[in-house]
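Only one structure is covered here, and it is reproduced in the block below.
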Amino acid sequence: MKADSLANTPNHEFLTLAGTDISGDNVPDRIVVVPWGTINSTKGAFVVDDEAATSVVDTFSGHKTDLPIDYEHQTLGGIYSSPKGTAPAAGWITQLTAAPGEGIIADVNWTDEACKMLAARQYRYLSPVAIVRKDDRKIMSLHSVALTNKPAIVGMTAIVNRQDDEKAELQVARLRETLAVDDTTPLDDLLAVACDRLHTLQDRIDMNAAEHMITRAVAQGKLAPAHREWALKLANQQPQLFREWEEKAPVLITTGKTHEPRDNGNRRSAEEAARAEFNSNSALKAITTEEAYVKLAIRSNGLI
C-alpha cells in the first residue's frame, strides 16, 4: 500500500516531525531520519519498534520510487504550499534500512543547492512526515521528508554538529603546528606525515629500551661487549625473547675482578660446561652459535 493511501484510512494520521540536525560543512549521505523507541514530539508521541520499522522499510521498497526531501513540507501542499505552488526537491532518499536500537536510516542523494544551504546553516533540521497508526501510535510509513528550521522531536541527537567541526578544525591546526606543516598541505598528506613521525618516534623508543637491556646484561656479566651488536638486534626485534634469555643466562664475567689463567684441564671442563649450557638453552641458540658461545666462556674465565 502506498503511503498516501495508508494515510487516508481512518486508523492512520499524518504526523509532521522535525529534529535531526544535519547542518555543517560535511553534509551526511546516511541519516537517522526517525530514532528508535518511544519518541516524544511537540506533535505527539509515536513509537518505532521492530514492527514499525519493518512496515516503513517494506512500504518504501514496495513503492519502488525514491522518497523526496523537500523544503518546509511543501510536498504536502495546503498550508505548507509555497507562494508559487512549487515543491522543489532538496534531495532524494534512495534506500531505507532499519537499525534496531538506533532508528530508521536513510541513504540520501542531495542536490547541489541543498548542500550549499546546509553548509551555510540556512537549514539545519530534517523533518520526516510520518504516517502513524492511531491505536498504538506506531509509525507505519513515511510520506516525505523536509528540510526545516522548526524542530519538534525532543532531544534528537544531532548528526552533524558545528561545535564538533570546530573542535576537529582546532585539533588539525594543532597537529599542523606540531609537525610544522603549512596550511596548504591536504589533510591526507598531513595524516601521512603524522603517521611517519609516530613510527619514527616508536622506533626510537624501542631502540632506547633495547640499549638499556643490553647495558644491564653487560653490567651483570651475562653478556660480553663483543656480542653487543647481535644482542642489540635481538633485544630490539624480540624484546621478550631477550628478557627470557637474560633471566636464565649464567654470569659469565665477574665484573670488577680478574682471573689467573687456568690449566688445560680446567679449560676442557669449561668448554664442556659451556657446550652443555648452550644446548640446554634455546634462547642462546637464537642469538649466537655454539662455537662463539664456547669461545666466550673460555675467554671470560681467562683460559685462553
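Legend: residue pairs Lys64/Lys84; Lys116/Lys138; Lys233/Lys295, Cα-Cα distance threshold 25 Å; pairs beyond threshold, Lys64/Lys84; Lys116/Lys138.
When each of the peptides 195-201, 118-124, 138-144, 46-52 is scored by how many other beta carbons lie within 10 Å of its residues on average, the order from highest to lowest is 138-144, 46-52, 118-124, 195-201. Multiplying the residue separation of Asp188 and Ala120 by 0.36 nm and removing their Cα-Cα distance gives an extension gain of 22.0 nm.
Close amide H pairs (under 5 Å, H built 1.01 Å from N) link Met140 with Ile131, Val132, Arg133, residues at least 5 positions away or on another chain. Computed 3J(HN,Hα) for the stretch 185-201, one whole-Hz value per residue from the Karplus formula 6.51 cos²θ - 1.76 cosθ + 1.60 where θ = phi - 60°, is 6, x, 4, 4, 5, 4, 5, 5, 4, 4, 5, 4, 5, 5, 4, 4, 5, glycine and proline marked x.
Remark: C-alpha extents of the stretch 38-108 on the principal axes read 41, 30, 17 Å, sorted largest to smallest. With the cut-off at under 11 Å, measuring from each backbone N in the stretch 224-254 to a point 7 Å along the Cα-to-Cβ line of Ala276 picks out no residue.
Protection proxy ranking of 102-109, 173-180, by the mean of other Cβ atoms within 10 Å over each peptide's residues and highest first, is 102-109, 173-180. Size descriptor for the stretch 198-251, Kirkwood hydrodynamic radius: 11.2 Å (Cα pairs only, one decimal). Using the Cβ-Cβ distance between Thr86 and His63 with R0 = 30 Å, the FRET efficiency computed as 1/(1 + (r/R0)^6) comes to roughly 0.85.
Extension gain, Arg228 to Arg197: 0.36 nm times the residue separation minus the Cα-Cα distance gives 8.4 nm.
Laboratory data are not the source of any read-out in this text; all were calculated from the coordinates shown. Not measured: the values here are computed from a predicted model. Methodologically, a virtual Cβ is constructed for each residue, glycine included, from the backbone with ideal geometry; neighbour enumeration extends over all protein chains shown.
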